[in-house]
Amino acid sequence: MHNSHSSSDSASELSRSDRLESRDLDVQAVDEIEKLTGRHPGYRRAHAKGTCYQATFQPSGDAAPWTTAPHLQGPQVEALVRFSESSTDPALADLLSPAKGMAVQFRLPEGQVSNLVAVTVPVFFARTPESFMDMLKAVNKARAGNLGIKEIVHQITGHFGEAKESLLSVQRLRPPASYVTNLYYCIHAYLLVNEAGQRQPVKFEWLPEAGVHMLSIKDTTSQPPDYLERELDERLQQQTAAFRLNIILGEEGDPTDDPTTAWPEDRQRIDAGRLVLTAPVPEPEGLVMDPTVLPPQGMELSDDPILNFRRSAYAESWKRRSSEPMDKMDTEPE
Ligand code: HEM
């Protein structure tokens, strides 16, 4: 039931929501997100600017003892990748949007899909949808009072200790040389389920084969607003670009319900396969990279309240953007 190529199907499924208690909160959350940089009709309410690439994923087979998920066994599957800027403003220059997104949709047999959505920071700033809302409200209030960014961060970390690690990671981010020279983290815990029905808590991350490279300070002065899309399109004319999918195995006591905390560094990692990007493609009609859309078997959602909440928040964003004409003032990638 979590699978569909067409997000209009999945969106209508989502709006039927069996999670009545979160229905109001998702509407409110998207309202608060819209207040950050205003409404941008037709665009995603977060990660508004982005470009899609066609890809293939070749599983290594090393994850098979932990999962029966079809894309983590032997055969190669097709995939779609959308890189994005985290801002809610689609016209913001790449250099000004600190965190980048990498959403991957695996195309499974029989028209099903499975999504993995990642960003360049290892942890999220809010532990629950409620504190996410409270923080956004505080930021919007502070902005209305014209507080500087430092004072806003000070206020947030003063009231919400959980946000500290994430805000520090964002502060440490530097502009990447390329979308494909970043590490990307899926942040949430998931459960892998194997043939015997055993459940293993895991996290996912994407490792760039080209290595991690940031722009030099000198180069940051000369970049066009959409330098990352241009760089990748040019790169793909010469060669492919690839990532390895790492699966991190959680151990006893590692929290599965807290996206604000990373697991210890020494956890075992499995190299689950190789994602190869081949060419830019237009965004398919109705694409929603809902991170709760999983394969029909072999993988389950954890008890992370933010992960579970994202389902209805993304559906709310889709509902709004799909019913609006796109604002032509903004720069949408072709
Ligand atoms: C309370 C938590 C969150 C809320 C309310 C939220 C909200 C949203 C919304 C409304 C969208 C646009 C969806 C669409 O119209 O298709 C979006 C996209 C996105 N979000 Fe989140 N988000 C949350 C947490 C996260 C986390 C933890 C991550 C990190 C993995 C993340 C990464 C992304 C990315 C990469 C996209 C772009 C997906 C694409 O390319 O289509 N979000 N988010």
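The values are calculated or read from the model by the stated rules, or taken from the named source; none is laboratory data. The shown structure was predicted, so the numbers you read here are calculated from the model rather than taken from an experiment. Because the Cβ atoms are built from the backbone with ideal geometry, glycine has one as well, and the counts that use them run over all protein chains shown. SASA here: full protein model, heavy atoms, side chains in, ligands and nucleic acids out. Shrake-Rupley method; radii C 1.70, N 1.55, O 1.52, S 1.80 Å.
Some notes on this structure:
- Computed over region 248-329, the P(r) curve from all C-alpha pair distances, binned at 5 Å from the origin, holds 3, 10, 13, 17, 18, 16, 11, 7, 4, 1, 0 percent per bin.
- Each part gets one Cα centre, and for region 212-262 versus region 32-62 those centres are 14 Å apart.
- Charge tally in the Cβ shell below 12 Å around D219, where Lys, Arg are +1 and Asp, Glu are -1, D219 excluded: +1
- In terms of its C-alpha gyration tensor, the chain has a rounded overall shape, because the principal axis ratio a/c (a ≥ b ≥ c, square roots of the eigenvalues) stays below 1.5.
- Computed over the chain with a Gaussian network model linking Cα atoms closer than 10 Å, the most mobile of P176, P291, P282 is P282.
- Carbon + sulfur, % of accessible area of the chain - ligands and nucleic acids excluded, 1.4 Å: 52
- Cα gyration tensor category, rounded, prolate or oblate, for region 186-334 with a/c compared to 1.5: oblate
- Computed over the chain: relative contact order in percent, which uses C-alpha pairs under 8 Å that are six or more apart: 28
- Residue-averaged 222 nm ellipticity for the chain, from DSSP H runs of 4+ at -39500 (n - 2.57), nearest 500: -9000 deg cm²/dmol
- Inverting the pair-averaged 1/r between distinct Cα atoms of region 180-261 gives 15.7 Å as its Kirkwood hydrodynamic radius.
- Unit charges at the beta carbon, dipole of the chain: most positive-side option, G111, V139, Y185: V139
- Selection of trypsin sites (Lys or Arg not before Pro), region 252-334, meeting DSSP coil and at most 15 other Cβ within 10 Å: R267, K328
- The Cα-based radius of gyration of region 22-153, divided by its Kirkwood radius, gives an Rg/Rh of 1.06.
- Take the Cα of E78, go 7 Å toward its beta carbon, and the backbone nitrogen atoms of region 254-291 under 20 Å from that spot belong to 274-290.
- Computed extension length for S60-E151: 28.0 nm, one decimal, from 0.36 nm per residue of separation with the Cα-Cα distance subtracted.
- Over the chain, accessible surface divided per residue gives 47 Å², non-protein components excluded, 1.4 Å probe.
- The mean sequence separation of alpha-carbon pairs under 8 Å and at least six residues apart, normalised by the residue count of region 217-334, gives a relative contact order of 24 percent.
- Computed magnitude of the charge dipole of the chain (debye, nearest 20; Cβ of K, R +1, Cβ of D, E -1): 620
- Within the listed set K137, K203, K49, the Gaussian network model of the chain (springs between alpha-carbon atoms below 10 Å) gives the highest mean-square fluctuation for K137.
- For I187, net neighbour charge (Lys/Arg +1, Asp/Glu -1) across residues whose Cβ lies under 13 Å away: -2
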